[in-house]
Amino acid sequence: MRVFVTGASGFVGSEIVKELLAASHQVLGLVRSYKAAEQLKAMGAEVYLGDVNDVKFIKQAATNCDAIIHTAFNHDFSQYQASCEADRLVIQAFGEALVGSNKPLVITSGVGLLSYGRLVTEADVLPAGSNVIPRAASEEAATAVAAKGVNVYTVRLPPSVHGQGDHGFVPMVIDLARSKGQSAYVGEGNNHWPAVHRFDAAILYRLVLEKQPELKVFHAVAEEGIPFREIAETIGRGLHLPVTSKTSDEATGHFGWFAHFASINCPASSQKTRDALGWQPRAAGLIADMNTAGYF
């Protein structure tokens, strides 16, 4: 099938493009720069140069493809709420373009939004109202377009999607440790982060398109929950820095705006996902990857 991929040059999106091409699908990839366009061409994909927030532009691409995988998102946390609402509009636009077509639309959300302090599953839902959790806007939009008959699926990514070239949460924590001269965790560090290698995440997105099962929400989770203290200790060893515990008050001074994420406790199951798709993660785990994939 011909698949429109947004965020096609991103850390996850670029791996999805490779995975789709390797499985003999065609890819139309949305990118914003000429440099990214050249990289996409070199991979063997078609290029769609433009802005994901240009509604008319992305609708046209949607109508000319057999499926959509939406991974683009503005991760500038200084304008987080605005970015979340912009993503809602993008998903709504895709929905309008796909009504009546039965073409699959795969959107991206986060397991970390379900910080319930227990093992969450694909059946768990976000608190109602994006005023509570701004990022919930994406799943709210997916629910709204599904109500109109759109064939929409949601892939929830864990706090750590890791691998060579990672520029997500774990590198942020590493940079903080470097700047502070110590690697820290909050309290006893028993809050858990699930994780997945981007290679395995990309396979999951492909399987959703190819199998289109009855399940509509998927957890791209290879490891259900790694204690944050273990992540901090790995960083301490990698940077040869002391590892320290911070109280909740001290955590703000060390982590700044990231203190919420450093404290998040969102262990997650992917059993329903594995059963529905036959998905079996095989790439390295987070701690092994941190030690071998150039994180330090």
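Quick notes on this structure:
- Candidates Gly44, Gly50, filtered to the one that is at pLDDT 95 or above, over 19 Å from Thr154 (Cα atoms) and of a type outside the set (A, V, I, L, M, F, W, C): Gly44
- Glu210 fulfils the conditions (1) under 19 Å from the mean Cα position of the chain (by Cα); (2) touching a residue at least 60 places away in the same chain (Cβ under 8 Å) except for a single criterion, (1).
- Residue satisfying all of: in the range 259-270; in contact with a Gly (Cβ under 6 Å, 6 or more places away or on another chain) and either free of Cβ contacts under 8 Å to residues at least 24 places away in the same chain or not hydrophobic (A, V, I, L, M, F, W, C) (or both); surrounded by the most Cβ atoms within 10 Å (Cβ to Cβ) among these: Pro267
- In summary, strands (runs of 3 or more DSSP E) completely within the range 101-209 and bearing 3 or more residues that are in contact with a Pro (Cβ under 6 Å, 6 or more places away or on another chain) occur at 192-197.
One line per residue, one yes/no per condition, for (1) crowded, with 18+ Cβ neighbours inside 10 Å; (2) part of a helix (DSSP H, G or I):
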{"site": "Glu214", "(1), (2)": "no, no"}
{"site": "Glu233", "(1), (2)": "no, yes"}
{"site": "Gly238", "(1), (2)": "no, yes"}
{"site": "Ala251", "(1), (2)": "yes, yes"}
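- Residue in the range 271-293 that is among the acidic types (Asp, Glu) and buried (at least 19 other Cβ atoms within 10 Å of the Cβ) present: yes
- Scanning the range 37-94 for residues that are without any contact (Cβ under 8 Å) to a residue 24 or more places away in the chain, charged (D, E, K, R) and either farther than 24 Å from Leu207 by Cβ or crowded, with 22+ Cβ neighbours inside 10 Å (or both) gives Glu38, Lys41, Asp51, Asp54, Lys56, Asp76.
- The range 43-95: number of residues that are part of a loop (DSSP other than H, G, I, E, B) and either basic (Lys, Arg) or within 19 Å of the chain's Cα centre (by Cα) (or both): 8
- Boolean, Phe218 is among the aromatic types (Phe, Trp, Tyr), buried (at least 16 other Cβ atoms within 10 Å of the Cβ) and not in a strand (DSSP E or B): no
The values are calculated or read from the model by the stated rules, or taken from the named source; none is laboratory data. Note that the coordinates shown come from a computational prediction; the quantities given were computed from them, not determined experimentally. We place every Cβ from the backbone using ideal geometry, glycine too, and count neighbours over all the protein chains shown.
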